[in-house]
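Here's the structure, in structure tokens; my notes come after.
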Amino acid sequence: MIGSAAALAGLPPFDASAAPKLKITKIRYYAAPGYTKPLFNQARGIVEIQTDGGLVGIGEGGSKDMVEQLAQMLIGENPFRIEHLWQYLYRGMFYPPGREKLHAQGAIDMALWDIKGKALGVPVYELLGGATRDYVECYATGFRASKAKTEEERARDCIEAGLRAYRIGPTGGNGTDPFDFYDNAKKTIDFCKRIDAAVGGGGKWAVDLHTRFDTTEGIKICKALESTEPYFVEDIIRSENPEVYKTVRQMTTVPIAVGEQFGDRWDSNNLIEQRLIDYTRFTLPNTGGLSEFKKLASMCETHYVGMIPHFTGPLAVAALVHTLGSSSPTRCLMELAGGEPERPDYFNEDLVNFKNGKLYLNPEPGLGVKFNPQKATFVMEVTSNTKFPHPYLKSPDGAIHNW
């Protein structure tokens, strides 16, 4: 059965009994053509993990230096031990990873799940527990398909196309003029009310305050919007001190969304466990991969917090559908920049199944991705382990512990 599934996917036959002996032999890193953001924490490199069994997994994220250090820890390892390798990368080299390094770890974890799904001839969402929903609802930040001249008309076009909501940002802050908190708070309130009227209410819109406001103006906006019932208000104030949401939560009833700047569960656990927010915004690969995202999903379900991942790269979007579609029945929503998924020509056209404003589960083995390296920019490959390994500890049962 596994062999036939592999054949249908265009993969070489794979003997599942060989899985315990499978080894990582090479990790390659490519730059995504056309993506020029020079940011460590929004990198969109393509990571290709090769094995001695002929299986290749694809991930997305991480800068060259971050991926290189992690890759040098993995040569010779068994790619099926995904959680073990996640702990090894996270705890190894002594220091817990910062968010930029975690981003690279997310790309590698993504590729490991892709390998395992391809090896077993099943989609990743089956490995994560099986489908808990048929599709993932989406909302649009901007709407490229609309030819409308006004934001109100664009918002209506978005809803008519089947997306769940239209997201806007605050007024001001996108040019060189000084940002006047008082003036832009008033203008933002008026803008939100106009969008609400345009789409007919019903939570068909949301606003991201983008951490631009201090507490006074942020709360003023939220209080003014309570009667309009937005789907959510995002990043009401700055994100360095999550504990401040203990205050914010007591001062407004709008649904609060926070977390696009966060990574693993230790960034978000207090916000979730104390239910200071209604929706998380963490995404892939920022969390450190699917392995960590699934744990975060369990935390959210336990505390009745919804999940609205920030928009991300095209492969990471495909991976999010697998995790959101299998990890939990909790309320979720996917952000799409422009209102539609990217389909770069270095990936297969059917990388994601998007129709009528929704992302449907992809039944192909692994993540459902086919990568054409000839259409990307090769940067480096790693074929041997680091010459400067850092020690780490194992307990008697073989589990990894900190050094």
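Things to note:
- Segment 47-65 and segment 19-43 have Cα centres separated by 6 Å.
- Calculated [θ] (222 nm, deg cm²/dmol) that DSSP helices of n ≥ 4 give over the chain, each run adding -39,500 (n - 2.57): -10000 deg cm²/dmol
- Simple spin-label estimate for L393 and T36 in nanometres, 7 Å along Cα-Cβ: 5.0
- Apolar share of the accessible surface for segment 309-403: 51 percent from carbon plus sulfur atoms, 1.4 Å probe.
- Counting only protein heavy atoms and a 1.4 Å probe, the chain has 43 square angstrom of accessible area per residue.
- Sulfur and carbon atoms: percent of accessible area, segment 183-227 [1.4 Å]: 47
- Ranked order, R275, R44, R331 - accessible area, probe 1.4 Å, largest first: R331, R275, R44
- Protein accessible area in segment 68-173, 1.4 Å probe - carbon and sulfur %: 46
- Just checking the listed ones, N270, N78, N372: in the Gaussian network model of the chain with Cα springs under 10 Å, the one fluctuating most is N372.
- Percent RCO, i.e. relative contact order, over the chain, from Cα pairs under 8 Å lying at least 6 residues apart: 22
- Full-stretch length increase - E381, R99 - with 0.36 nm per residue and alpha-carbon distance subtracted: 99.2 nm
- Each part reduced to its alpha carbon centroid, segment 188-203 and segment 329-403 end up 36 Å apart.
- What separates the Cα centres of segment 152-178 and segment 267-292 is a distance of 25 Å.
The values are calculated or read from the model by the stated rules, or taken from the named source; none is laboratory data. This structure is a prediction, so every number in the text was calculated from the model and none was measured. Positions of Cβ are generated from backbone atoms using ideal geometry, with glycine treated the same way; all protein chains shown enter the neighbour counts. Calculation scope for accessible area: heavy atoms of the full protein, side chains included, ligands and nucleic acids excluded. Shrake-Rupley method; radii C 1.70, N 1.55, O 1.52, S 1.80 Å.
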